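The values are calculated or read from the model by the stated rules, or taken from the named source; none is laboratory data. Just so it is clear, the structure is predicted and the values come from calculations on it, not from any experiment. Virtual Cβ from ideal backbone geometry, glycine too; neighbours counted across all protein chains shown.
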Amino acid sequence: MKDFSVSMALVDFIPVIFFATAAVILMRDLYNKMSKGAFALFAAGTIDITCAGALKALYKLLYAAGVCDFEALNTMFFPVQSIGFLLAGIGILALITHRQGKNAALAVAPPVFSGTFVFVGLMVAGLGLMDAGLCIISARMKKPRFIVLFVLSFVCSLCMGYLSSRDFAQASMNWIAEGVNVIGQGTFLVGAWLLRKNGLAKFRLREE
């Protein structure tokens, strides 16, 4: 028996909204700077992450409201979000390391494995690439203080990885995890918003 409440499930939607908002801000500001391939990877990855988080929160809400125990929504969260982070991370990496031309393209076929360790690796790699790329962008814009926000977001995400290994049937663990997740996605949103406010859309990340 899982100790979920409706209020807990509703709070679980907050970091999802934070991340989705930050992703939209970044996609709008980076659209003209990324190749079609890199942008497609970043957009697909962030959409995967958002959908995975929303479906996990929906699972908790359905369970807490006594509607049903839709376990498939809970089970798919980890692999879908992990691959999403990997795709988004590769998209940002392509932006930073490769000259972005109109006809440039980057394709990737994420492998599928049965062990959760693989998904942990994918998530950490994707998160690391994405946050590191945004830190590099912050440095190039001469806004080093923004780096703290993306580092904090990354650390909170790593903490979520640890907390996911604990007993999530307990309400206390769920509230702790949700608090960490809100902080992590909140700092990610603030970082994305500050980049936009300081002219990311018009800033030239590299010499043509």
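See the values below:
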quantity	calculated
Some residue of segment 199-208 being at pLDDT below 85 and under 23 Å from ALA20 (Cβ atoms)	yes
Selected residue [in contact (Cβ under 8 Å) with a residue 60 or more places away in the chain, small (Gly, Ala, Ser) and surrounded by 23 or more Cβ atoms within 10 Å (Cβ to Cβ)] from GLY45, GLY84, GLY89, GLY37	GLY45
Residues within segment 34-46 that are in a helix (DSSP H, G or I) and polar (S, T, N, Q), tallied	1
Candidates LEU62, LEU93, filtered to the one that is part of a helix (DSSP H, G or I), farther than 23 Å from CYS156 by Cβ, at pLDDT below 90 and of a type outside the set (Gly, Ala, Ser)	LEU62
Any hit, segment 104-114, residues being surrounded by 16 or more Cβ atoms within 10 Å (Cβ to Cβ) and either at pLDDT 70 or above or over 25 Å from ILE83 (Cα atoms) (or both)	no
Test: residue in segment 57-78 that is under 16 Å from the mean Cα position of the chain (by Cα), of a type outside the set (S, T, N, Q), buried (at least 21 other Cβ atoms within 10 Å of the Cβ) and closer than 27 Å to MET173 by Cα	yes
Residue tally, condition assigned to a helix (DSSP H, G or I) and either out of contact with any Leu (no Cβ under 7 Å at 6 or more places or on another chain) or at pLDDT below 85 (or both), over segment 139-169	17
Hey, PHE4 assigned to a loop (DSSP other than H, G, I, E, B), closer than 20 Å to VAL180 by Cβ and at pLDDT below 90 or not	yes
Residues located in segment 11-22, provided they are assigned to a helix (DSSP H, G or I) and under 17 Å from VAL180 (Cβ atoms)	VAL11, PHE13, ILE14, PRO15, VAL16, ILE17, PHE18, PHE19, ALA22
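Per-residue answers, yes or no, for (1) modelled with pLDDT under 90; (2) part of a helix (DSSP H, G or I); (3) of a type in the set (Val, Ile, Thr):
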residue	(1), (2), (3)
ALA9	yes, yes, no
VAL24	no, yes, yes
ARG28	no, yes, no
ASN32	yes, no, no
ASP48	no, yes, no
VAL67	yes, no, yes
PHE78	yes, yes, no
PHE85	yes, yes, no
ALA88	no, yes, no
